[in-house]
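Remarks on the structure that follows.
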Amino acid sequence: MPTAERDDRRSDVDEEVEKEPIETGWVEDRLPMTTEPQPDLRASYRLLSLAARLVQRRQDDALAPLGLTRAAVIALDGIATGPRNQEQLAAIVDVKSQTLGKVLTRLQDRGLLTRTRHPSDRRQLIVELTGAGEAALAAARKAEIDAFPADMDPEDWRILQEELAKFVASLHAPQRGSETSPEPTRLVPGTGTP
């Protein structure tokens, strides 16, 4: 069967699968199907995106009186446990080293961190918090905490954090249909076969 015809047939099957309810069987990710309806993933993504924007706005508002940005706090937080070279820090905070360099320059100009040449590799810069940087980070952490609802149960915060951590990890995993993961198998409703 020619590839185009096979792709057309697969598309028709996919549309049929979406139209008809499936009560049991194995689907794309090899997990058993239930009669539970699929969550509205687009609505979930939109809700997550809205929550992220609201969190960022609250953080921005809380940090502005301190003269800090979210990027600055992330950078300070990345070196809070000890000195790192700029490339290590960039990997930890998940940004390009050049982008991070601009943030670090502003923080260094304010006296919140130092950057010194590595003694054995002059190409590397070692980034370290100053006493003023430690105080600024402590103030930023308090401001961020104070910016969020105090009436949310600590257990709910813990659950939210765990679920978000799982979600973030899944975003770092290979996408379905990519060359690094097998192509999903879709079943024809009622037949139990692909």
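The values are calculated or read from the model by the stated rules, or taken from the named source; none is laboratory data. Not measured: the values here are computed from a predicted model. Glycine gets a Cβ as well: all are built from the backbone with ideal geometry, and neighbour counts include every protein chain shown. Ligands, DNA and RNA are stripped out before the accessible areas are found, and what is left, the full protein with its side chains, is counted by its heavy atoms. Shrake-Rupley method; radii C 1.70, N 1.55, O 1.52, S 1.80 Å.
Checking every residue in the range 45-68 against the condition of being modelled with pLDDT under 85 and hydroxyl-bearing (Ser, Thr, Tyr) gives zero matches. Per the listing 126, 79, 74, the residue uniquely without any contact (Cβ under 8 Å) to a residue 24 or more places away in the chain, at negative phi and either of a type in the set (A, V, I, L, M) or surrounded by 16 or more Cβ atoms within 10 Å (Cβ to Cβ) (or both) is 74.
All conditions but one from (1) surrounded by 10 or more Cβ atoms within 10 Å (Cβ to Cβ); (2) at pLDDT below 50; (3) basic (Lys, Arg) apply to residue 30; the one that does not is (1).
In the range 71-87, is there at least one residue being at pLDDT below 90 and assigned to a helix (DSSP H, G or I)? For the range 71-87, residues at pLDDT below 90 and assigned to a helix (DSSP H, G or I): present.
Of all the residues that make up the range 85-95, how many are touching a helix residue (DSSP H, G or I) at 6+ places or on another chain (Cβ under 7 Å) and closer than 21 Å to residue 117 by Cβ?
The total comes to 5.
Among the residues making up the range 48-71, a single one is among the basic types (Lys, Arg) and either in contact (Cβ under 8 Å) with a residue 60 or more places away in the chain or more than 21 Å from residue 93 (Cα to Cα) (or both): 58.
Consider the range 49-70 and keep the residues that are more than 16 Å from residue 130 (Cα to Cα) and not in a helix (DSSP H, G or I). The one that is least open to solvent (accessible area, probe 1.4 Å) is 67. The single condition among (1) among the β-branched types (Val, Ile, Thr); (2) loosely packed, with under 15 Cβ neighbours inside 10 Å; (3) not in a helix (DSSP H, G or I) that residue 95 does not satisfy is (2).
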